[in-house]
Amino acid sequence: MSLTAVLTGLGAYLPPRRVSNEELADRFDTTEEWITSRTGIRSRRWADPGTSTGDLAVEAGHRALKSAGIDPEPGAVDLVVLATTTPDHLCPATAPDVAARLGLAGAAAFDISAVCSGFVYALETAANAIGAGRAATVLVIGAETYSTILNPADRTTSVIFGDGAGAVVLTAGDADRPGALHGFELGSDGTQKDVIRIPAGGSRQRAALTEPAPGDEYFTMEGRKVFVSAVQRMSESSRSLLDRIDWPVDSLGHLVGHQANVRILRAVAEQLGVPAERAVVNLDQVGNTSAASIPLALADAAASASLTVGERVLLTAFGGGLTWGSAALTWPDVVPA
């Protein structure tokens, strides 16, 4: 009998420092209205100096384990998968340290780098491990400290991104159980790798044996291209998955898209035919948190009782690489911590 990954725990953590549009408007000589009208974001959280992605991941992971009723101890979790663009170090991966700090000694642990699609990629990786019988319990975390890679002189990126972490626990179960993951659809287009990137710091730049140009150590993005590609790829990925698992659009309870930009979320919902009120939006308070955005949005929607047990939920994301992906699940009886 094949095993199905079932979501049994949910946790979220946001750093305490709230950065308002008013604060950024003063810094960049713009207005709160300019920021809100173009992004839908009103505030975001940035980690305090000295706080790393791993620190946020530990907090979110601890809360997800608590939500699932799992005591963090050796053997309690078989695998830890951390999706992040902002690891604590280029080497080693951050996930093993997170697992150790959570008390999950001995668990397999690794990072996944798919930028804003990272959480969906990590979900499928975890679900495949469960389906293959290689793991019974998996902790999946999306965590980011984008404030550490933003160019302080770049208004277009600094107003968009925030820091945070979200996590879920997946356990082996039956496909008809609430919380079951029913399918995935992933894709990429490496010919557009330069649309979203950090030019310096990797082996490509170091192998050139030249000093990086000023600002190359920061995150860059071609906003217009990202907007068009995100709407197209998230819509196509979602349709493909829904068709394959035979879920009519009108059977969806909620659409939970990567919280990149409110206009992108509205456009994807419109193209899919999902009513606007069924598209979860929380970026107005947290900004674009990249790989952390979908679990943070799920935790927010669950905490506000927007999601009901047994309803069909579609997740979809788009990120650098370019990468994209969608996932489908029925919502479980879970209380986020």
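The values are calculated or read from the model by the stated rules, or taken from the named source; none is laboratory data. Here the structure is a predicted model, which is why all the values come from computation and not from measurement. Methodologically, a virtual Cβ is constructed for each residue, glycine included, from the backbone with ideal geometry; neighbour enumeration extends over all protein chains shown. Calculation scope for accessible area: heavy atoms of the full protein, side chains included, ligands and nucleic acids excluded. Shrake-Rupley method; radii C 1.70, N 1.55, O 1.52, S 1.80 Å.
All conditions but one from (1) without any contact (Cβ under 8 Å) to a residue 40 or more places away in the chain; (2) in contact with a Ser or Thr (Cβ under 9 Å, 6 or more places away or on another chain); (3) not hydroxyl-bearing (S, T, Y) apply to N128; the one that does not is (2). Is there any pair linking a residue in region 64-93 that is within 19 Å of T125 (Cα to Cα) and without any contact (Cβ under 8 Å) to a residue 60 or more places away in the chain to one that is in a helix (DSSP H, G or I) and open to solvent by less than 60 Å² (accessible area, probe 1.4 Å), with Cβ under 7 Å and at least six apart or on different chains, and which? As it stands, the answer is P87/T53, since those pairs meet every condition given. The set of residues in region 272-306 that are closer than 13 Å to L14 by Cα and hydrophobic (A, V, I, L, M, F, W, C) comprises L283, V286, A292, L296, A297, A299.
Residues checked against (1) free of Cβ contacts under 8 Å to residues at least 24 places away in the same chain; (2) in contact with a Gly (Cβ under 8 Å, 6 or more places away or on another chain); (3) open to solvent by 20 Å² or more (accessible area, probe 1.4 Å); (4) more than 23 Å from S67 (Cα to Cα):
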{"site": "K225", "(1), (2), (3), (4)": "no, no, yes, yes"}
{"site": "Q232", "(1), (2), (3), (4)": "yes, no, yes, yes"}
{"site": "R239", "(1), (2), (3), (4)": "no, no, yes, yes"}
{"site": "I245", "(1), (2), (3), (4)": "no, yes, yes, yes"}
{"site": "A269", "(1), (2), (3), (4)": "yes, yes, no, yes"}
{"site": "V281", "(1), (2), (3), (4)": "no, yes, yes, no"}
{"site": "V286", "(1), (2), (3), (4)": "no, yes, no, no"}
{"site": "D300", "(1), (2), (3), (4)": "no, no, yes, no"}
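The set of residues from region 17-53 being farther than 30 Å from C91 by Cα and assigned to a loop (DSSP other than H, G, I, E, B) comprises D29, T30, T31, G40, I41, R42. Residues in region 217-234: is at least one in a strand (DSSP E or B), under 29 Å from L56 (Cα atoms), under 22 Å from the mean Cα position of the chain (by Cα) and of a type in the set (F, W, Y)? No, every residue in region 217-234 fails to be in a strand (DSSP E or B), under 29 Å from L56 (Cα atoms), under 22 Å from the mean Cα position of the chain (by Cα) and of a type in the set (F, W, Y).
Residues are listed down the side, and each one gets a yes or a no for (1) touching a Phe, Trp or Tyr at 6+ places or on another chain (Cβ under 7 Å); (2) surrounded by fewer than 24 Cβ atoms within 10 Å (Cβ to Cβ):
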position	(1), (2)
L82	no, no
P87	no, yes
C91	no, yes
R101	no, yes
A105	no, yes
F110	no, yes
A114	yes, no
S117	yes, no
Y121	no, no
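Please verify whether region 48-60 includes one or more residues that are farther than 25 Å from R17 by Cβ and open to solvent by 20 Å² or more (accessible area, probe 1.4 Å). There is no residue in region 48-60 that is farther than 25 Å from R17 by Cβ and open to solvent by 20 Å² or more (accessible area, probe 1.4 Å). Among the residues of region 148-183, those identified as β-branched (V, I, T), closer than 30 Å to A25 by Cα and either open to solvent by 20 Å² or more (accessible area, probe 1.4 Å) or in a loop (DSSP other than H, G, I, E, B) (or both) are T148, I149, T156, V159, I160.
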